[in-house]
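The values are calculated or read from the model by the stated rules, or taken from the named source; none is laboratory data. Since we're looking at a predicted model, the values are computed, not measured. Because the Cβ atoms are built from the backbone with ideal geometry, glycine has one as well, and the counts that use them run over all protein chains shown.
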Amino acid sequence: MARHVVAPVGEIPAGGCKLVAIGNRAIVVFNVNGEFFALNNRCPHKGGSLALGYRTGLLESPEPGEYRYSRQGEIIRCPWHSWEFDIRTGRSWCDPQRLRTRQYPVSVEPGSKLVEGPYQAETFPVTVENDYVVIEA
């Protein structure tokens, strides 16, 4: 799988997200307390933009009258029909065994590592013919 540099770390603040286009795919990158996760931006239910969704947490109730709220900012709710997905895994909360949005691996790397390469510039033969520069491509 090809690697793509999408943003400096500071461009996606904690609790924020950034929508990026890689080829013909729209991918949303989330910052969850300094950890980065990337999901397909399209909700698998009806195609709503997850980048426009509401971030929430996990509300659990082990018994009536007792509630526990955890994982704040780790659940994304589709803005169209409120389907919820785990930002860390892409799995749906309504049907986690069958329904998910695609997750992409994300890493944070030092800029110096990216600059070093291993990059190789594509070159083309160049000639001068009667005062015209000609490139063979």
Quiz prompt | Matching entry among VAL32, VAL28 (being under 25 Å from ARG3 (Cβ atoms) and in contact with an Asp or Glu (Cβ under 7 Å, 6 or more places away or on another chain)) | solution = VAL32
Quiz item: How about the stretch 12-46: which of its residues are more than 19 Å from THR89 (Cβ to Cβ) and at pLDDT below 90?
Solution: ILE22, GLY23, LYS46
Exercise. Mind counting the residues in the stretch 46-76 that are among the basic types (Lys, Arg) and over 15 Å from VAL32 (Cα atoms)?
Key: 2
Quiz item: VAL20: touching a residue at least 40 places away in the same chain (Cβ under 8 Å), of a type outside the set (S, T, N, Q) and surrounded by 11 or more Cβ atoms within 10 Å (Cβ to Cβ), yes or no?
Solution: no
Practice problem: Pairs only if they're at least six apart or on different chains, beta carbon under 6 angstrom, first in the stretch 63-91 and under 15 Å from GLY53 (Cβ atoms) and touching a residue at least 24 places away in the same chain (Cβ under 8 Å), second assigned to a loop (DSSP other than H, G, I, E, B) and small (Gly, Ala, Ser); list them, first residue then second. | Solution: GLY73/GLY15; ILE76/GLY53; ARG77/GLY53; CYS78/GLY48; CYS78/GLY53; PRO79/GLY48; PRO79/GLY53; TRP80/GLY48
Quiz item: Hey, any hits in the stretch 42-51 for a residue that's in contact with a helix residue (DSSP H, G or I) (Cβ under 8 Å, 6 or more places away or on another chain), in contact (Cβ under 8 Å) with a residue 24 or more places away in the chain and surrounded by 10 or more Cβ atoms within 10 Å (Cβ to Cβ)?
Solution: yes
Quiz item: Do we find a residue being under 27 Å from ALA14 (Cα atoms), surrounded by fewer than 10 Cβ atoms within 10 Å (Cβ to Cβ) and modelled with pLDDT under 90 anywhere in the stretch 57-67?
Solution: no
Quiz item: Which one is farthest from the chain's Cα centre (by Cα) among residues in the stretch 74-113 that are basic (Lys, Arg) and part of a loop (DSSP other than H, G, I, E, B)?
Solution: ARG98
